Amino acid sequence: MISAIITFTAGILVLQSQPELPNVVWGWLVPFCLSFLIIQRLRIPMCFCLGFLWAMLHGQWMLTSELEPSLEGKDVRIEGLVVSLPEQDGRRTRFLFEVEKLELEGKAYSSPGKVRLGWYQEAPELIVGERWQLLARLKRPHGFMNPGGFDYAGWLFQEDIRATGYVRAASLNERLTESTAVFVLQRLRQNIRSKLFNTVPNHAVAAILVALVIGDRSGLERDQWQVFTRTGTNHLIAISGLHIGIIAGLAFFIVRWLWSRHTRLSLWLPTPQAAAIGALVAALFYAAMAGFAVPTQRALIMLSVVMGGLLLRHQQRPSQGMAIALLVVVLVDPLAVLSAGFWLSFAAVAVILFGISGRVSNDSLWQKWGQVQWVVAVGLMPILVAWGMQVSLLAPVVNLVAVPLFTLLIVPTALLGSMLLLVSDALGGPLLWPIAWLLDSGIKLLALIADWPFASWNQSGISHLAWLSAGVGVLLLLAPSGLPGRWLGGIFLLPMLFVQPKTPESGEVWFSLLDVGQGLSAVIRTQHHTLVFDAGARFSKNFNAGSAVVAPFLREMGVNYVDRLVLSNADNDHAGGGLSLSQQIMVQQVVSGESDEIDWAAALPCNDRMQWEWDGVRFSFLHPTPQGGWRGNNASCVLLVENAAGRILLPGDIEKEVEAWLVQNAPKHLAADLVQVPHHGSMTSSTTAFVQAVSPEYALVPVGYRNRYRFPRPEVVRRWQAEGATVLETSEHGAISFRLHPNEGISGPHIYRESARRYWMD
């Protein structure tokens, strides 16, 4: 049974990795092959085909509700329900809206289903369950596409969110009906959130309590989450199997103790069955309080399988129970295999069963608990590395204390205090204040630990062979102590720990223009050096391109040190992500065209006298001049990179005045094979004289999808094309990479959106 379920899951995984859903021919071929396998009783191939077919049908069904492309960027009237807790982010309110009616100029269109909206003006108070009529501007799911980056479009697809957009200021925006009884639980969650923030004066602590009680993490700051990640305690903040399990466990033992005290009740329903029902009810309530988020659904399914065995008086091996839970999870949601949480949840249970369960030991309770932490830390390491996540080196020690503290004291008390808040602030407050003080003290201690130089470890870009070797190493290390050669597990881990990704050869350049939306960031690598040209924008207090795109890309490439960060000008779309990047990746030197305008005391001004050579590759700034007096876009650093294979020109945001100056004063230096189109393809730049002087093979436009400026302008694109250039846009292609080899010439472009394409992408 276990092998059949694993094979079924493998079939689902293979389908989810496809760039396109199988066509009509495949749609008939798969059932035909399945019928043949059933007749031949080939169970394993049959299960694989069943999984593949199930995921294919689910994917086709998911794609039936989409926003029509013709509606993108147009003001449409939508009517529907607020179906999530509104999130406040500065002056913006974000919420999920279930669209029931959609009209454009009086014509009705099919509903896209659930959409994610932002209300940027002074939004009225939104209550979950209310029916609203809104004027909105929508677009189909689209995210940045970069190696090592977060797949936003994929996440939206997994959450069944079919469009994003924002509410337009209009008189027709109005509340149609109040929230109905169907949303009573969601209103309860919203009420608890409000009361927790009002009762606990420390906003950071209140945000953690809200996350623990109702699963809403929108109030957590990015710096807080980074502390939890570096100390390996982030799993304590996200409601998942650990939280559901402890609440179910407490309910199980309480009900069992109470039930066993009454003989009549025990005769009517055996105590173990009563306790199992109590555990399921408690877990169901907590999962409902958490909004039935995907991780809580997964945990609830796993618990239901275990408790179902007790109710049915059916004894099963833990591995069988885990396999059944796996089957139910992927049947309910075939997209679950795309989530890191899915693999971490099942892997955590699997390594505990493999490394601890069924072994005879005379160790104390604390020793056994320490063994669990060791097993989980070692067992999950390859999966964390595979997903590009930080591995906390201190997690086993920190969790030794943190897990019992959270699960046995903080979470139950926070739940009880929150319930009492609904009755009276005087009842809930005194129970929550000591917990808030304890959390505040704990966070400060965790912050100190997180600042230790070796608190966490990143390793990205490892080969599949190194990852498989690490898996074998983990199995050996966690095997029973009597197994011969168990010590070899450490040797099998070495490739993952120390093998470095491939780097450029001497004289070679690796160039990548990253997809950072409406902004700019490019990475240039030589054999031993890395230069980052701009770091994208800071979009909000918790999201910026430096930490969300550039740092993950560098880690994916195996880069943990930036020799020079060039912030071409001080505009947010170029310099906004710089500080966050430097907090995650060590930066030796910062250079800027507006060094006095950026928030960086040690930044040096760039000028046309700065030239250097790294590993046989020449770098030189062509602009600005030390005495130029340029400001704003025209102060941008203009960087020329050249080797034996070709030239790359990065002019930042320069406009026609600087272009004219360059054509007049440095015409021989402008010719390039690759150019970043100035100022994102606006009409202020890319004059005919400049385009002709550069005459590139490829003109690369860093631009945001459906940006409000409508860059690049069609006239600008035609101008570059008329000069023979192939124009590529990051919004359409994602990250664009080239390699300039001194002997083999220029290879590329490598289009990341093509290589990483999945069937749900446009």
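Find the Cα radius of gyration of the stretch 389-494, compare it with 2.2 N^0.38 Å by division, and give the number to two decimals. Could you put the intermediate results ahead of the total?
On the way: Rg = 20.9 Å, N = 106, 2.2 N^0.38 = 12.9 Å.
Scaled against compact globular proteins, the figure is 1.62.
Using 1/(1 + (r/R0)^6) with R0 = 51 angstrom and r between the beta carbons of residue 405 and residue 612, what's the FRET efficiency to the nearest 0.05? Before the final figure, lay out the partial values.
Working: r = 53 Å, r/R0 = 1.03.
So the FRET efficiency works out to roughly 0.45.
If N is the number of residues in the stretch 245-380, what value comes out of its Cα radius of gyration divided by 2.2 N^0.38 Å? All intermediate terms of the calculation are to be shown ahead of the outcome.
Numbers: Rg = 16.4 Å, N = 136, 2.2 N^0.38 = 14.2 Å.
Taking N as the residue count of the stretch 245-380, the ratio is 1.15.
Modelling each spin label as a point 7 Å along the Cα-to-Cβ direction, I'd like the residue 60/residue 353 distance in nm, to one decimal.
Rounded to a tenth, the inter-label distance reads 3.4 nm.
Anything over 21 Å Cα to Cα? Flag those among 114/139; 74/114; 139/656; 195/541, in the order listed.
Values: 114/139 13 Å; 74/114 18 Å; 139/656 33 Å; 195/541 24 Å.
Pairs exceeding the cut-off: 139/656; 195/541.
How far apart, in nm, are two points set 7 Å out from the Cα along the Cα-to-Cβ line at residue 316 and at residue 706?
Output for this residue pair reads 4.5 nm.
Is any helix in the chain, taking whole DSSP H runs, at least 30 angstrom long along its axis by alpha carbon and on average at least -1.0 on the Kyte-Doolittle scale, and which ones?
Numbers: long enough: 365-386 (32 Å, 1.04); 425-450 (36 Å, 1.28).
Qualifying helices, which must be both long enough and hydrophobic enough, are 365-386, 425-450.
Could you work out the local net charge near residue 658, counting Lys and Arg as +1, Asp and Glu as -1, over the other residues with Cβ closer than 14 Å to its Cβ?
Numbers: positive: 631, 656; negative: 594, 608, 653, 655, 657, 659.
Summing Lys and Arg as +1 and Asp and Glu as -1 gives -4.
Taking a ≥ b ≥ c as the square roots of the Cα gyration tensor eigenvalues, with a/c under 1.5 meaning rounded and otherwise prolate when a/b beats b/c, else oblate, which class fits the stretch 509-755?
On the way: a/c = 1.17, a/b = 1.13, b/c = 1.03.
The shape class here is rounded.
Provide the gained length on full extension for the span residue 486 to residue 88, in nm with one decimal, where the gain is 0.36 nm per separating residue minus the Cα-Cα distance. Display every interim value, and only then the final one.
Numbers: separation 398, 0.36 × 398 = 143.28 nm, distance 5.22 nm.
Result for the pair: 138.1 nm of gain on full extension.
Using a simple spin-label model with points 7 Å from Cα along the Cα→Cβ vector, what separation in nm is obtained for residue 222 and residue 266?
Using points 7 Å along Cα→Cβ, the separation is 5.8 nm.
Can you check what the net charge comes to around residue 645, using other residues whose Cβ is under 13 Å from the Cβ of residue 645 (Lys, Arg +1; Asp, Glu -1)?
On the way: positive: 618, 647, 739; negative: 505, 508, 642, 673, 697, 744.
Net local charge, residue 645 excluded: -3.
Which net charge results when you count Lys and Arg as +1 and Asp and Glu as -1 among the other residues whose beta-carbon is under 13 Å from that of residue 239?
Working: positive: 189, 217, 298; negative: 216.
Net of charged neighbours comes to +2.
Quote the relative contact order of the chain in percent (integer), defining contacts as alpha-carbon pairs under 8 Å separated by 6+ residues.
On the way: 1466 pairs, mean separation 75.4, N = 762.
The value is 10 percent.
Which of 574, 528 comes first, and how do the rest follow, when ranked by fewest Cβ neighbours within 10 Å? Display every interim value, and only then the final one.
Details: 574 32, 528 12.
Ascending Cβ contact count within 10 Å gives the list 528, 574.
Rounded to the nearest 500, what is the chain's calculated 222 nm mean residue ellipticity when only DSSP H runs of at least 4 contribute -39500 (n - 2.57) each, over all residues?
Details: 29 runs with 344 residues, N = 762.
That calculation yields -14000 deg cm²/dmol at 222 nm.
Across 10 Å bins from the origin, how do the percents of Cα pairs in the stretch 136-268 run, short distances first?
9, 19, 32, 24, 10, 5, 1
Can you tell me the FRET efficiency between residue 125 and residue 440 if r is taken as the Cβ-Cβ distance and R0 is 30 Å, rounded to the nearest 0.05? Could you put the intermediate results ahead of the total?
Details: r = 29 Å, r/R0 = 0.96.
Taking R0 as 30 Å, the efficiency between residue 125 and residue 440 is 0.55.
Starting from the Cα-Cα distance between residue 528 and residue 43, subtract it from 0.36 nm times their residue separation and give me the gain in nm to one decimal.
Values: separation 485, 0.36 × 485 = 174.60 nm, distance 5.23 nm.
Contour length minus Cα-Cα distance gives 169.4 nm.
From the phi of every residue in the stretch 572-578, what ³J(HN,Hα) in whole Hz does the Karplus formula 6.51 cos²θ - 1.76 cosθ + 1.60 yield, where θ is phi - 60° and glycine or proline is x?
4, 6, 10, 10, x, x, x
Quick check on the stretch 312-396: take the gyration tensor over C-alpha atoms, sort the square-rooted eigenvalues as a ≥ b ≥ c, and tell me if it's rounded (a/c under 1.5), prolate or oblate.
Details: a/c = 3.27, a/b = 1.11, b/c = 2.96.
Here the stretch 312-396 falls in the oblate category.
Tell me whether the stretch 203-457 comes out rounded, prolate or oblate; compute the Cα gyration tensor, take square roots of the eigenvalues as a ≥ b ≥ c, and use a/c under 1.5 as the rounded threshold. Walk me through the numbers before you get to the answer.
Details: a/c = 1.60, a/b = 1.17, b/c = 1.36.
The shape class here is oblate.
Laboratory data are not the source of any read-out in this text; all were calculated from the coordinates shown. Note that this is a predicted model, so its numbers are computed, not measured. Positions of Cβ are backbone-derived with ideal geometry, glycine not excepted, and every protein chain shown enters the neighbour counts.
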